[in-house]
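Student: The following block contains the structure, expressed as structure tokens.
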Amino acid sequence: MDDRPIRILLVDDDEDERVIVRDFLRDLDRPFDLDWEPDPTRAFDKAAAGAADILLVDYRLGPHNGLDLIRRLREQDIRTPAVLLTGQGDHAVDLLAMEAGASDYLAKGQLSASLLERSIRYALEHHRNREALRESHRRIEEAFKQLRDNQAQLVQSARLASIGQLAAGVAHEINNPLTVILGLSEGVRRRIPPDDPAAAPLAAIEREALRVRDLVRNLLSFSRQKEAPETIFDVAPVLADALALLEAEAVSRGVEIRRELPGSPLRVRGVPPQLQQVIINLGSNALDAMSAGGLLTIRAERSVEGRQAWVRIEVTDTGTGIPPEAAPRVFDPFFTTKDPGRGTGLGLTIVHEIVTRHGGRIAFAPAPGQGTRFTLLLPEAGAAPAPGGAP
Ligand SMILES: Nc1ncnc2c1ncn2[C@@H]1O[C@H](COP(=O)(O)OP(=O)(O)OP(=O)(O)O)[C@@H](O)[C@H]1O
Ligand SMILES: [Mg+2]
């Protein structure tokens, strides 16, 4: 227990009470400051400003009543404990006092030093316990949320690991017959005149086969990711390269690209072409969501959370946004809302896999206004140890 004086605020329109209460307070085992305030509005402001540890509130405050003051405080989530002092014939207010959020009520007529001392001590003790409970509750909720996030990421990683194995096997198997189909159909197309009745179905066969080839390529690049060498590199030039590849598509859609990159290097450990692929996948999704033009912003910066330094990269668009019903599934393999032939639904699956493999995290949220913001955090590499940190 600390020895700071207890700040007691007496809210009472009768100044004589101040002297009486001060007299009663002599039994308090701690030093105290007694402040007196006849006006409930100013008393409210003092409590709101945290100027009191406990309030002693008279039930009758001229035209007002003390219960209203306590109720108003509780409504504004101001939790300073308050003891209600009631006069003659106010016995019926006891229940109301508790309902309004008073810690205790004392009949003025029966007031004694020991009664007041005990009431204040209990009120402060209860308050401390309640606040400690609230804090534990908040921590538990935070830990629970963290756990849920981690679990979601774990489930996703497990799903992706199995998809990766499956993909590698299946993709190889599909590639060979596919090459045969494409080779033969091209051979036939060259031999028949363009107005041949078989020309249209043949074109369709080729188109669909090419679609399958795209899919297989995506699957293969996904399962081959482990093979490229790791380095420590600055993300800025990698982002610039990725944006250069998106530029033409952006121009044709009337989308402006904005870069917000810092002057100093942001180093991470990983595989540069993989990070480039992450940005291209996020960027092309953003462009797809902005068919009527818009703004694509790429921002990178250093961000410190506790002892861990991160490189934070944000890809923000002003597009259609991700509808709530699609949100839980966007990282799932083959989940797409795009027309058949437009999307394989593997873009974000690959992004998630790469980011996780780099020891990072990815999340998205509606962007301010309209559109979507994807945020990735990658552990910063090669940073000088924090001053005073462990060697
Ligand atoms: N920036 C975005 N704005 C709106 N919707 C998005 C955005 N990014 C992703 N989505 C939604 O998430 C779905 C999955 O994205 P993902 O990149 O995995 O697949 P895709 O773009 O449909 O196909 P692919 O990337 O394989 O060509 C998209 O179809 C789209 O509905
Ligand atoms: Mg995509």
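Student: Can you list residues from other chains, or at least 5 along the same chain, whose modelled amide H is less than 5 Å from the amide H of LEU61?
Tutor: GLY66
Student: Which ³J(HN,Hα) values in Hz, rounded to whole numbers, follow from the phi angles of the range 9-17 under the Karplus curve 6.51 cos²θ - 1.76 cosθ + 1.60, where θ = phi - 60° and Gly and Pro get x?
Tutor: Each residue of the range 9-17 in turn: 10, 8, 9, 7, 7, 10, 5, 4, 4 Hz.
Student: How far apart, in nm, are the 7 Å Cα→Cβ label points at LEU202 and LYS338?
Tutor: 2.9
Student: Then there is this: Between ASP3 and ILE140, how high is the FRET efficiency from 1/(1 + (r/R0)^6) when r is the Cβ-Cβ distance and R₀ = 35 Å? Nearest 0.05.
Tutor: Values: r = 32 Å, r/R0 = 0.91.
E between ASP3 and ILE140, to the nearest 0.05, is 0.65.
Student: Using only alpha-carbon positions, what ratio does the radius of gyration of the chain give when scaled by 2.2 N^0.38 Å?
Tutor: Here the answer is 1.60, to two decimals.
Student: I've got another one for you. Output ³J(HN,Hα) for the range 95-110: one whole-Hz value per residue in order, computed from phi by the Karplus curve 6.51 cos²θ - 1.76 cosθ + 1.60 with θ = phi - 60°, and x for Gly and Pro.
Tutor: Result, ordered by residue: 5, 4, 4, 5, 4, 6, x, 6, 7, 6, 9, 10, 6, 4, x, 9 Hz.
Student: Tell me the label-point distance for the pair VAL180, ASN150, using the 7 Å Cα-to-Cβ offset, in nm and rounded to one decimal.
Tutor: If labels sit at VAL180 and ASN150, their model points lie 5.0 nm apart.
Student: Using only the Cα atoms of the range 73-222, what semi-axes does the equivalent ellipsoid have when each is the square root of 5 times a gyration tensor eigenvalue? Give whole Å, largest first.
Tutor: 83, 19, 8
Student: Please give the length that would be gained between ASP14 and GLU173 if that part of the chain were fully extended, namely 0.36 nm times their separation in residues minus their C-alpha to C-alpha distance (nm, one decimal).
Tutor: Taking ASP14 through GLU173 to full extension adds about 48.0 nm, to one decimal.
Student: For ILE6, list long-range residues whose amide hydrogen, built 1.01 Å from N in the peptide plane, is under 5 Å from its own amide hydrogen.
Tutor: The list, which skips near neighbours in sequence, is PHE32, ASP33.
Student: When the chain is fully extended, how far beyond the present Cα-Cα distance does GLU247 get from ASP27, taking 0.36 nm per residue of separation?
Tutor: Length difference between fully extended and current span is 71.4 nm.
Student: Now for a separate question. Among DSSP bridges having both ends in the chain, what percentage is antiparallel? Round to the nearest 5.
Tutor: Roughly 55 percent of the beta bridges in the chain run antiparallel, per DSSP.
Student: So, one more: Calculate the spin-label point distance for ALA51 paired with ALA292, positioning each point 7 Å from the Cα along the beta-carbon direction, and give it in nanometres.
Tutor: So the two model labels end up 5.5 nm from each other.
Student: Which GluC sites (Glu not before Pro) in the range 305-378 pass both tests, a DSSP loop state and at most 12 other beta-carbon atoms within 10 Å? Provide the component values of the computation, followed by the final result.
Tutor: Numbers: sites: GLU305, GLU314, GLU325, GLU353; in loops: GLU325.
Those satisfying the criteria are GLU325.
Student: Could you list ARG373, ARG211 so that the one with the fewest beta carbons within 10 Å of its beta carbon is first and the one with the most is last?
Tutor: Listing ARG373, ARG211 from fewest to most nearby Cβ atoms yields ARG211, ARG373.
Student: Taking 2.2 N^0.38 Å as the expected size of a compact globular protein, what ratio does the Cα radius of gyration of the range 246-391 give against it, to two decimals?
Tutor: Taking the Cα Rg and dividing by 2.2 N^0.38 Å, one obtains 1.11.
Each reported figure results from applying straightforward, stated rules to the coordinates on display, with no laboratory input. Keep in mind that what you see is a predicted model, and the values were worked out from it rather than measured. Neighbour counts are summed over all protein chains in view; Cβ atoms, including those assigned to glycine, are modelled from backbone coordinates with ideal geometry.
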